[in-house]
Every structure is written in structure tokens, then in C-alpha cells.
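Working notes, structure below.
The values are calculated or read from the model by the stated rules, or taken from the named source; none is laboratory data. Bear in mind that the values here come from a model prediction, so they are computed numbers and not experimental data. Please note: Cβ atoms are built from the backbone with ideal geometry, for glycine as well, and neighbour counts cover all protein chains shown.
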Amino acid sequence: MDLNQFGTNEFVQFCSLVGAQPYLAANVRSLPAQEFITGVKYCNSSPKSNTLSDTRAAAEFPEPFNVNYRGRQGSVGMDRKPGDHAREPSGHAGARNGKLPCATQSQVQRK
């Protein structure tokens, strides 16, 4: 049974505990790009800079998480081969116009 008790705050905290960098991915087939951008702003906004940072602070995380790796995910279709995503532009519309840097999973694995 999934009680949905392991959210963004817990994920970032877990990554810190194990010495890993969090990677946030949007499923572009089910999540509007604006919702993903809002999630990144929640993670990375400076303290007291907007309502998202205030919400994060109210959850006892006043400092930004500084999530550096983010990108898009989608399922590999029947007509696609693994690795095809690496040849496509990374991220969503915001990433393509330079407003939100993104990394593909293959780029993160190389670091």
C-alpha cells in the first residue's frame, strides 16, 4: 500500500544522506510542463523569494535544495529503441528556450 509519504522533501533528504545528487524527471505524457517548473522552483527558490519557498520553509526546509539535475522522461514506445532519447532535445519547452537547464539520464550517469 502506497501511503504517499515519501515526497520531494524526503527524496532530497534521502539523497543527501546517501551522498547522491537528486534527479527530478517529468513524465511529459502526464505532467504539464508548468507543474514541473513549479516543482523545480519549490526545490531551488531562495528563502522568502516566493510562496513556494515559503511552503518549503513551512515544511522545515528553509534553505533551497539546489537540485542541479532535472529532465524529462517518457516511456520507450514499440517503435523506439533504448538510447533514442539521447538523440532528442532534452527537457520541455522551458529547457529548449534556455529558461530551465536539463540533463538526460545518460548525461547524469556519466558524471
Under the condition of being in a helix (DSSP H, G or I) and of a type in the set (A, V, I, L, M), which residue from the stretch 25-49 is nearest to Gly7 (Cα to Cα)? Val40
Within the stretch 69-79, can you find the residues that are at pLDDT 60 or above and either basic (Lys, Arg) or more than 17 Å from the chain's Cα centre (by Cα) (or both)? Arg70, Arg72
Considering only residues that are at pLDDT below 90 and surrounded by fewer than 12 Cβ atoms within 10 Å (Cβ to Cβ), look in the stretch 18-68 and name the one that is farthest from Thr8 (Cα to Cα). Arg29
